[in-house]
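Visitor: Submitted below is the structure of interest, expressed as structure tokens.
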Amino acid sequence: MQWLDKVFSFINFLFGNWYWKRKFKHKYSTSLKKILNSDKWQVIDLRPSAAFKEHHLKGSINIPITNFKLKYYEKIKLRKKILLISEDYRSNLNVYLDLKEKRMHPFVLFGGYSSIRNNPKQDDLTVANLI
């Protein structure tokens, strides 16, 4: 029965990502440089404030998920495309759905912030505050 679990796990891996990519608009970390340099985009980091202060993307703004519904209207520019960043790309999708419902243009960073932080090719895009 162990081989059957591996088969189901593999099928879930293949089709789970496929379904997710069809349902949610996303961007890969390879397009971050272009997004950060564009005036058409706004990058919002949904991680907690402490994690944001420790390490974040240059030009991104922090709206922690705990305060998002209270503060998003103060910081989000309605005419811009929005790139949402969280630790894991599948967490906090309720924010994506809320923004989509309000006729905004959200996208999710595929791979989450952990894919950026562990990538030495993207060190020039991040800011690290060593305490």
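Bear in mind these aren't lab numbers, they're just calculated from the coordinates by the rules spelled out. Treat the numbers as computed from the prediction; the structure is a model and nothing was measured. FYI the Cβ positions are ideal-geometry reconstructions off the backbone, even for glycines, and counts take in every protein chain you see.
Visitor: Counting pairs of alpha carbon atoms under 8 Å apart in space and at least six apart in sequence, what relative contact order in percent does region 62-131 give?
Guide: 29 percent
Visitor: Where does each of 127, 43 land when they are ranked from fewest to most other beta-carbon atoms within 10 angstrom?
Guide: 127, 43
Visitor: In the structure shown, do any of 33/75; 100/121; 6/121 have a Cα-Cα gap over 27 Å, and if so which?
Guide: Table pairs above 27 Å Cα-Cα are 100/121; 6/121.
Visitor: How large is ³J(HN,Hα) for each residue in region 79-89, as worked out from phi by the Karplus curve 6.51 cos²θ - 1.76 cosθ + 1.60 (θ = phi - 60°), to whole Hz, x for Gly and Pro?
Guide: Once rounded to whole Hz, the list reads 7, 9, 6, 10, 9, 8, 10, 9, 4, 10, 5.
Visitor: Can you list the residues, at least 5 places off or on another chain, whose amide H is less than 5 Å from the amide H of residue 126, using H built in the peptide plane?
Guide: 58
Visitor: Relative to the longest principal axis of the C-alpha atoms of the chain, give the angle of the C-alpha long axis of helix 2-23, reported between 0 and 90° and rounded to the nearest 10°.
Guide: Tilt relative to the chain: about 40 degrees.
Visitor: Something else about it: Quick one: what does P(r) look like for the chain with 10 Å bins over all Cα pairs, in whole %?
Guide: 11, 41, 31, 12, 4, 0
Visitor: Under the rule of at least 5 residues apart or a separate chain, name every residue whose amide H is placed under 5 Å from the amide H of residue 87.
Guide: Amide H to amide H, under 5 Å and 5 or more residues apart or across chains, residue 87 pairs with 113.
Visitor: Assuming a viscosity of 1.567 mPa s and a temperature of 4 °C, what translational diffusion coefficient in µm² per second does Stokes-Einstein assign to region 81-131, Rh being the Kirkwood radius over Cα pairs?
Guide: After rounding, the answer is 107 µm²/s.
Visitor: I've got another one for you. For residue 105, what residues show an amide H to amide H distance below 5 Å, using hydrogens built from the backbone and excluding near sequence neighbours?
Guide: Placed amide hydrogens put 82 under 5 Å from residue 105.
Visitor: At 7 Å along the Cα-to-beta-carbon direction for both residue 61 and residue 124, put a label point, then send me their distance in nm to one decimal.
Guide: It works out to 2.7 nm between the two label points.
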